[in-house]
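Take a look at the structure below.
The values are calculated or read from the model by the stated rules, or taken from the named source; none is laboratory data. Being a predicted model, the structure only gives us computed values, none of them experimental. Cβ placement follows ideal geometry from the backbone for every residue including glycine, while neighbour counts extend to all protein chains displayed.
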Amino acid sequence: MATLEQDVKRAIRTIPDYPKKGIPFKDLTTLWKNGRLTRRVTDALAKRWKGDKLDKIVGIEARGFIVGAPVADRLGIGFVPARKVGKLPAAKVSVNYELEYGRQGLEIHTDAISKGERVLVVDDLLATGGTSKAAATLTERMGGKVVGFAFVTELGRLKGRKKLAGYEVYSIARYD
């Protein structure tokens, strides 16, 4: 029987040179169309963090919503969307960060995380760690404590874990 990591890797499609030349894009839509595998992934992430007494999950736009919301549901905790700049209607906290292929901004509503809340940051993929670190920065500015990071996949060659040093980082499938 194949491991969850093997099944995830088999399900993900790689698209060369997207969104620009030299980037091998990992397309998880081919994983998510398989309901049984999606449930296994969600269950594995929820199981990994079950004993950490979390209050919220911050899911990073947009694919972190697909992963984070069902994990929050499984854990019976709240879900907070970390959105791209200009997408949230109420008062918000913002931060800018560098991507492997450009610059971006991220925002969270100011009332989304309360002081002292324990937060898990969730996304589909860890690359350089810039987006994840930005989500942690926002969470901590609001008084939340980042317990760790959870990813479906990780591109080890881009050294995102290094940017997240000092935090616990968990990924189901790693590409080196």
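Consider Leu120 carefully, then state whether it is under 12 Å from the mean Cα position of the chain (by Cα) and either of a type in the set (Phe, Trp, Tyr) or under 30 Å from Leu37 (Cα atoms) (or both).
On the way: under 12 Å from the mean Cα position of the chain (by Cα): yes; either of a type in the set (Phe, Trp, Tyr) or under 30 Å from Leu37 (Cα atoms) (or both): yes.
The answer is yes for Leu120.
Specify the residue that is farthest from Arg74 (Cα to Cα); the eligible residues are those in region 101-116 that are touching a Lys or Arg at 6+ places or on another chain (Cβ under 8 Å) and surrounded by fewer than 19 Cβ atoms within 10 Å (Cβ to Cβ). Among those that are touching a Lys or Arg at 6+ places or on another chain (Cβ under 8 Å) and surrounded by fewer than 19 Cβ atoms within 10 Å (Cβ to Cβ), it is Tyr101.
Return the residues of region 15-41 that are in contact (Cβ under 8 Å) with a residue 24 or more places away in the chain and surrounded by fewer than 14 Cβ atoms within 10 Å (Cβ to Cβ); say none if nothing qualifies. Result: Pro19, Lys20.
Restricting attention to region 109-159, the residues being modelled with pLDDT under 95, outside any loop (DSSP other than H, G, I, E, B) and within 24 Å of Val85 (Cα to Cα) number 2.
Say we look at region 132-169 and pick out the residues that are among the polar types (S, T, N, Q) and crowded, with 24+ Cβ neighbours inside 10 Å; which of these is nearest to Leu45 (Cα to Cα)?
First, the residues of region 132-169 that are among the polar types (S, T, N, Q): 132, 137, 139, 153.
Next, only the ones that are crowded, with 24+ Cβ neighbours inside 10 Å stay: 132, 139.
Values: Ser132: 17, Thr139: 20 Å.
In this case the residue turns out to be Ser132.
I need the full set of residues from region 74-92 which are touching a Lys or Arg at 6+ places or on another chain (Cβ under 7 Å) and part of a helix (DSSP H, G or I), in order please. Passing the criteria: only Leu75. Leu37 passes every criterion in (1) assigned to a helix (DSSP H, G or I); (2) in contact with an Asp or Glu (Cβ under 8 Å, 6 or more places away or on another chain); (3) under 20 Å from Lys145 (Cβ atoms) apart from (3).
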